[in-house]
Structures are given as structure tokens and as C-alpha cells.
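Peer 1: Below is the structure I would like to discuss, written out as C-alpha cells.
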Amino acid sequence: MAERKPGEKVAPEPSAEVKMERDSFVHTFFKKGAEFTDELLRENDRLRKRLFDLESENAALRTHLASDEAIRELLRKIEYLEREKEQLLSHVREAERNSSHLFTRYSEVEEELSNLAHLYVASYQLHSTLHLREVLRHLKELLTQLVGSRAHAFYMKGSNELVPIASDGIELPELPRLAIHAGSRKEEDRGSHDRTGELIERVFMTGVAHIEEGDLSVVPRDQPAACVPMRIDDAVVGVIVIYSVLDQKEQFLPVDYALFKMLGAHAATALMGALLFADSKGKFPGLDTIAAITWHAARAGGDLK
Amino acid sequence: MSAEYTCLVVEDSPMMRQLLVFALSRVKNLRVTEADDGVDGLRKLAAGRFDIILTDINMPIMDGLKLVKRVRTDPIHKDTPVIIITTEGAAEDRKRAIELGANAYITKPIQAPQVIAKVKELLKIAT
């Protein structure tokens, strides 16, 4: 206890009532303080909770925002990939077009090669011999094997008539010699033989081939499927007549036209060469003959004719 | 380049033979041997092994159908594919050839792409 100083007044002791009142006030004061503290603690808790909620909400919003950004990024990527896919599809379509074009071109080249092979083989075989029998055999084979002819004949010009010199699929004696009328044949005299004869004669006179176009199965039986003039230089010296074709030969193809053209230009020279060779009894001209021809040509001041 | 496949062409017409050889030369790795009739064909079959045979029907000495019959009894070539090439387009000729053991039938006049395609198909060569 503190020591009392001299002269110091001592306050009188409060009465019991005052004491009680004071105690009651203190009690009330503390009680209120405790209540207030409790309230403050609760408020603090509430605020903490609210803070936690806000933080959670904030985190969720942040996540959402990040997710939105990711979606936007994905959408950008999808758009880019879509563009890329379109470009690739366009490339594929272009490649397909090129491929199709190349395939068509390849088929055309294949066909062209095949046609050239036909022409080469025909020409090679035709000129591979000077023996008349062989030349005729090759000509017949060429028409049968490469063109698909079933019956054909070769007419050569004689004196004012066309004479059949060889045939296949039709007997040679059955074929008439054809007088060259130069268009003076009478209409009423025409029989089926005459119609064919007239056609052969016309092809011989004009030098223009007659080749049936389209379906060959509908060509009348008495009408040749093709008549091709044979030439030596500009002169027509004979006609190849194709009377009928194999059943499976539906129509003449571009390669047949090329073969007919080749035959028109080469068949007669091959035949004529073989005839000259036969006429010379199979002897080849010697160097003396060649020298004599060259000398005569030089004296005449011109080329070899 | 060594040939992976061997082919025998039996055809009496030199023109057709030459044409077939030309066509077949476009099949990669295929070596072609030529025979000018059925007997010559048999001789060449006896001397070697062939992966495919192309034969004409109408030939002197031995025709193509007899050759097919012989090939089917040959232990080495009994399973070798045979393509018949002929001028005969009739269905009964085709039937007869197939019954005798031919694998395919091509009518003349031949088209090279058709022959090439058939040979590749029977030899199982990818196009």
C-alpha cells in the first residue's frame, strides 16, 4: 500500500450504496465492453469471411478471364487451321486436277505410242522383203492382224482395167476385172457387183479413199468397208478393197486411218519394187548400173529421175 | 536391270509378234521370248521357266489350244497364266479356250494398252 504523505487529506470512505452503485457501473461497463468485443470479433469474422469470399470470387474471375483468353486463343488457332485446311484442300484439288490432266495426257501418249508402234511394225514388215509373195503376205497380214479385215483384195491398174492380183477371205477368181469407164456406166446396168466395182473405180479415178465411218456392223454386205487408193508419187496405180471386217471390229479407229494412209503411200511401192525385183530375176543392180544412171543424170544436167 | 518376269509369245505372224514384243517391252522388268508356233513354244517352255504365256490360236504344226492343253499338264507351267490372242471373236471360241485352261482372251486387232493391262493384271504388277 502507498505511504500517505503528511498533510494529505484522506477522502472519506464511500458509502456502501455508492460502492454498490460503483460496482454495478463497473460491472455494466465491463459487460458492455465484453459484448462490444464479442460484436467486434463477430464483425471481424464476418469481414474475414467476406474477404475470403471476395478473394475466391476474384480467383474465379481471374480463372474465367484466363479461360476466356485461352478460348480466344483457341478460336484464333481454329481460324488459322481452317484457313490452312482450305489452302490444303485447294492444293489437293489442284493436284487432283493436275493428276487427272496428267492421266489423260498419259493415256493419250500411250495411245499415240501404240499407234506409232502399229505404223512402225507395218512399215517395217512391208519393206523387209523384195519377194512378191512375201510382200503380198505382209500386206494381207497387215490388213488382217492390224486393221481387223476379214476379206480384202488388191486391185492394180492394167490397160484400161483394174485387175485383182491378190485376195484374202474371198476367192480371187470370184473377183471381176473392172473396166475403167470414167463415169460412163449406165444406171440401169448396176448390180451389187457393179456398185462395188463403181466404188472401186471411183476411188481409183479420184484418188480419194472411201472409208466407212461409224458402226461397221450396219454397212450393207455388198458394200466395201473401205477402199484405199495406192499411189506411186502422184499417180494412183491400184486400190486396196476391204470387203468385210471381223465381227469384233466395231469401227475404224484413228490408227486405222493412219495405217490406210501409210498403205496408200507404201503398198504400191513395195509391190512395184517386188515386181521389178522378180523381173530382174532376183538380181540386185550392181555398182555399174548405179554409176550409169548417175552419169546419164549428170549429162542431162538434172537430178536423178 | 535384271528381269523379274519372263514371258513367252507364241505367234506365227512376224508382224503380230513384233507388235506384241513392242507392247510388252513397256512392261517393266519383263523379258520376252518369242516362238513362231506351238511346237517351238513347247521347245522353249521345256528349256526354261516362264511367268506368263501369250499365244495365238491359229498356227501351223500345233495350234494355240493344243499348246494350252500341253501347258496345263506340264508340272512346271501348269499354273502359269495363259493369254489367248486370236482373230476369233465368237463366244464359243472364247468359252472353249477358257475351258482348256486359258486365263484371258484378247481378240485381234490388238491394242497395246489392252495387252499391257491384261499382262500386268495376271502378273499382279501394280499399274
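Peer 1: What residues does region A:136-163 have that are buried by at least 30 Å² of accessible area in the full protein assembly compared to the chain on its own, 1.4 angstrom probe?
Peer 2: A:E141, A:Q145, A:L146
Peer 1: Then there's this: What do you get for trypsin sites (Lys or Arg not before Pro) in region A:11-93 restricted to DSSP loop and a cutoff of at most 13 other Cβ within 10 Å of the site's Cβ?
Peer 2: Sparse-neighbourhood loop trypsin sites (Lys or Arg not before Pro): none present.
Peer 1: Which number comes out as Rg/Rh for region A:17-118 once both Rg and the Kirkwood Rh are worked out on C-alpha atoms?
Peer 2: On the way: Rg = 42.7 Å, Rh = 22.5 Å.
For region A:17-118, the value is 1.90.
Peer 1: Tell me the carbon and sulfur percent of the accessible area for the protein assembly as shown, rounded to whole percent, probe radius 1.4 Å.
Peer 2: Of the solvent-accessible surface of the protein assembly as shown, carbon and sulfur hold 56 percent.
Peer 1: Using a ≥ b ≥ c from the Cα gyration tensor of region A:70-185 (square roots of the eigenvalues), is it rounded, prolate or oblate, where a/c under 1.5 gives rounded and otherwise the larger of a/b and b/c decides, a/b for prolate?
Peer 2: Note, shape of region A:70-185 comes out prolate.
Peer 1: Chains B and A: how much accessible area gets covered up at their contact, both sides added, probe 1.4 Å, in Å² to the nearest hundred?
Peer 2: On the way: alone 6920 and 22630 Å², together 27750 Å².
Buried area (both sides, nearest 100 Å²): 1800 Å².
Peer 1: Between region A:93-122 and region A:16-74, how far is it from one alpha carbon centroid to the other, in angstrom?
Peer 2: Taking the Cα centre of each part, region A:93-122 and region A:16-74 sit 90 Å apart.
Peer 1: Turning to a different aspect of this structure: Cut-off under 19 Å on the C-alpha distance; same-chain residues fewer than 8 positions from B:K28 excluded. Which lysines are left, in chain and number order?
Peer 2: Output for B:K28: B:K118, B:K120, B:K124.
Peer 1: Also, quick follow-up: Just to confirm a number: summing +1 for Lys and Arg and -1 for Asp and Glu over residues other than A:V219 whose beta-carbon lies under 15 angstrom from that of A:V219, what do you get?
Peer 2: Computed value for this residue: -3.
Peer 1: Can you classify region A:245-305 as rounded, prolate or oblate using the Cα gyration tensor, where a ≥ b ≥ c are the square roots of its eigenvalues, rounded means a/c under 1.5, and otherwise it's prolate if a/b beats b/c and oblate if not?
Peer 2: Working: a/c = 5.97, a/b = 2.35, b/c = 2.54.
In terms of gyration-tensor shape, oblate.
Peer 1: Something else now. Considering only the other residues whose Cβ falls under 14 Å of the Cβ of B:P81, what net charge follows from Lys and Arg at +1 and Asp and Glu at -1? Mind showing how you got there, number by number?
Peer 2: Values: positive: B:R49, B:R72, B:K78, B:K118, B:K120, B:K124; negative: B:D51, B:D74, B:D79, B:E121.
So the surrounding residues net to +2.
Peer 1: Which is the longest run of chain B containing none of the trypsin sites (Lys or Arg not before Pro) found in DSSP loop states (not H, G, I, E, B) with at most 10 other C-beta atoms within 10 Å?
Peer 2: B:1-48
Peer 1: Same structure, new question: Could you tell me the relative contact order of chain B? Use alpha-carbon pairs under 8 Å, at least six residues apart, and round to a whole percent. Numbers along the way, then the final one.
Peer 2: Numbers: 211 pairs, mean separation 29.4, N = 127.
Computed over chain B, the figure is 23 percent.
Peer 1: Antiparallel as a % of all DSSP beta bridges within the protein assembly as shown, to the nearest 5? Kindly include the intermediate steps, with their values, before the conclusion.
Peer 2: Numbers: 24 of 42 bridges.
In the protein assembly as shown, DSSP labels about 55 percent of beta bridges as antiparallel.
Peer 1: Moving on to the next point. How much net charge surrounds A:L139 when only other residues with a Cβ under 14 Å from its Cβ are counted (Lys, Arg +1; Asp, Glu -1)?
Peer 2: Every neighbour counted, the sum reads 0.
Peer 1: Further, regarding this structure: Scale the Cα Rg of region A:7-49 by the rule-of-thumb value 2.2 N^0.38 Å and send over the ratio, two decimals. Don't skip to the answer; put the middle values down first.
Peer 2: Numbers: Rg = 18.2 Å, N = 43, 2.2 N^0.38 = 9.2 Å.
The reported ratio for this selection is 1.99.
Peer 1: Would you list, by chain and number, the lysines whose Cα falls below 29 Å from the Cα of A:K49, excluding same-chain residues fewer than 8 positions away?
Peer 2: Straight-distance partners of A:K49: A:K31, A:K32.
Peer 1: Which of the residues in region B:1-35 lose at least 10 Å² of accessible area when you go from the chain alone to all protein chains together (probe 1.4 Å)?
Peer 2: B:S13, B:P14, B:M15, B:M16, B:Q18, B:L19, B:F22, B:R26
Peer 1: Continuing with this model, one more query. Probe of 1.4 angstrom, ligands and nucleic acids ignored: what's the accessible area per residue over the protein assembly as shown, in square angstrom?
Peer 2: Using a 1.4 Å probe on heavy atoms only, each residue of the protein assembly as shown averages 64 Å².
Peer 1: Debye calculation, C-alpha points only, no solvent: report log10 I(q)/I(0) for chain B at q = 0.09, 0.22, 0.23 Å⁻¹, in the same order as the q values.
Peer 2: -0.21, -1.44, -1.59
Peer 1: Which parts of region A:75-114, residue by residue, lose 10 Å² or more of accessible area when the rest of the protein chains are there, as against the chain isolated (1.4 Å probe)?
Peer 2: In region A:75-114, residues shielded by partner chains: A:E110, A:L113, A:S114.
Peer 1: So for the pair A:H131, B:R72, with labels modelled 7 Å out along Cα→Cβ, what separation do we get in nm?
Peer 2: According to this spin-label approximation, the distance is 3.7 nm.
The values are calculated or read from the model by the stated rules, or taken from the named source; none is laboratory data. Since the structure is predicted, the reported quantities are computational estimates derived from the model, not experimental observations. Counting neighbours? That spans all protein chains shown, and the Cβs are built from the backbone with ideal geometry, glycine included. Heavy atoms of the whole protein, side chains included, go into the accessibility calculation; ligands, DNA and RNA do not. Shrake-Rupley method; radii C 1.70, N 1.55, O 1.52, S 1.80 Å.
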